[in-house]
Amino acid sequence: MMGKIEFAPTFAEQSRQSFVASFKGYVNSVVETGLSETYHSSLVPLFEDKNGRPPENRSEAAGMIEPHPLFKLWASLTYHSQNLMWQSVNDTTQRTINDQVAAFTALESNPEKQGSLDLADNLEIPAPVRTTEIHRQPGGYWRESRPNDIETALSYTGTVDLYRNAKGMGIGGKIGSDSMGRMLAAIAQKRAPDLTPSTILDLGCGTGEQTLAYKRIFPEAEVHGLDVARPFVRYAHGLAESEGLALHFKEADAASTGYGDESFDLIVSIIMFHETSNRQIKNIFGECWRLLKPGGMVLHLDVPYQPDRMPLDKQVTNHWQVKYNGEPFWTGFVETDIRRELLAAGFEDDSAFAEYESYGPVTYFFFGGRKKA
């Protein structure tokens, strides 16, 4: 009997991972809230007394807040909580990786498999994925240590709900939940109630949990997932096969997918763009426009931390993530005029959008557009 692709901690491992999530949550809430209160109640008045005005930009705020002992404590705790996260999930990964690779190999070689996996041996991994350990994941996203390796994907999937819950972004579900994909599909249906997609593309699909949601919600659609990280698309393919779902996964760059013109009715991504670059944003939007069928929609979700929504102290702590926590394009992304880039790629003024939508207690940044039929 073929095994199941999953991140499966023991009770002891899950307990440690839950502790790390609570610890990260404490740092993100109690410690960071205290830092914000100190900034507004003490540091800003001192700056105003000296300069006759409040601080005007992130640089001025950083000069005030970064030398403060509470900021140094927050930074240290944030850094080490990230270490603990990877250490705790790696316990599960190392214990189970051989069985998981064997399960993937059996699923991939099954002559009755439902979907497909397309790997590209000559793919050039774009920066910053090629040059950075994103989220400080040891070895980065695309490291391979054995044939048919899925190790980095297995560790990553163990962190997703841990991190989401720690940041107060959780919207329910067990490890491997497809809740984010279901949320995105609900937003798509709300924005385009007349659209019943027959072909769907999930860019930067990662480990595929959310890609599976689109097939469950639109069972008649042909669903494709794409990512530059080979261990991730392997994992995603194995996950789909172990769930009995026919999906098609491809190792490729979201800016150069290799699909034909006007191939998809719905193109989506979740938290991909802040792990790209300014050049990649332009190229990915251009590729989305090329791939989109007339009447189709592009819908991307990412972090809602644009400067006009964030106080200066929060901008400082967000930019710390760029310098020290494996988020090389976080600030670059939130400072980009996304709607302008959509228009430059060909999306029409009356259909392009870059807006915020709340889902439960959390607000996300949604952007994209429709191509006229």
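Of the residues that sit in the range 4-27 and are within 21 Å of the chain's Cα centre (by Cα) and not in a helix (DSSP H, G or I), which one is farthest from Q87 (Cα to Cα)?
Result: I5.
Taking G176, is it modelled with pLDDT of 95 or more and more than 23 Å from K372 (Cβ to Cβ)?
no
When you go through (1) out of contact with any Leu (no Cβ under 9 Å at 6 or more places or on another chain); (2) surrounded by 15 or more Cβ atoms within 10 Å (Cβ to Cβ); (3) in a loop (DSSP other than H, G, I, E, B) one by one for A103, which number turns out not to apply?
(3)
Between residues in the range 319-330 that are within 16 Å of P126 (Cβ to Cβ) and residues that are of a type in the set (D, E) and buried (at least 18 other Cβ atoms within 10 Å of the Cβ), which pairs lie under 7 Å by C-beta distance while being six or more apart or on different chains?
F329/E275
Criterion first (of a type in the set (S, T, Y) and either within 30 Å of V27 (Cα to Cα) or in contact with a Pro (Cβ under 9 Å, 6 or more places away or on another chain) (or both)) does Y259 satisfy it?
Here the answer is no, as Y259 does not meet what is asked.
What residue, of G296, G238, G244, is farther than 21 Å from E327 by Cα, part of a strand (DSSP E or B) and touching a residue at least 60 places away in the same chain (Cβ under 8 Å)?
Going through G296, G238, G244 in turn, just one is farther than 21 Å from E327 by Cα, part of a strand (DSSP E or B) and touching a residue at least 60 places away in the same chain (Cβ under 8 Å): G296.
Out of contact with any strand residue (DSSP E or B) (no Cβ under 9 Å at 6 or more places or on another chain), without any contact (Cβ under 8 Å) to a residue 40 or more places away in the chain and closer than 27 Å to V31 by Cα: which single residue out of D349, D313, D308 fits that description? I'd like the intermediate steps shown before the answer.
Numbers: D349 fails: closer than 27 Å to V31 by Cα; D313 fails: without any contact (Cβ under 8 Å) to a residue 40 or more places away in the chain.
Selected residue: D308, the only one of D349, D313, D308 that is out of contact with any strand residue (DSSP E or B) (no Cβ under 9 Å at 6 or more places or on another chain), without any contact (Cβ under 8 Å) to a residue 40 or more places away in the chain and closer than 27 Å to V31 by Cα.
Residue under question is D202, and the condition is that it be crowded, with 20+ Cβ neighbours inside 10 Å and modelled with pLDDT under 95; does it hold? Walk me through how you get there before you give the answer.
Numbers: crowded, with 20+ Cβ neighbours inside 10 Å: yes; modelled with pLDDT under 95: no.
When the stated conditions are applied, D202 does not pass them.
The values are calculated or read from the model by the stated rules, or taken from the named source; none is laboratory data. Owing to the predicted nature of the structure, the values given are computational and were not obtained by experimental measurement. So basically every Cβ, Gly included, is an ideal-geometry build from the backbone, and we count neighbours across all protein chains shown.
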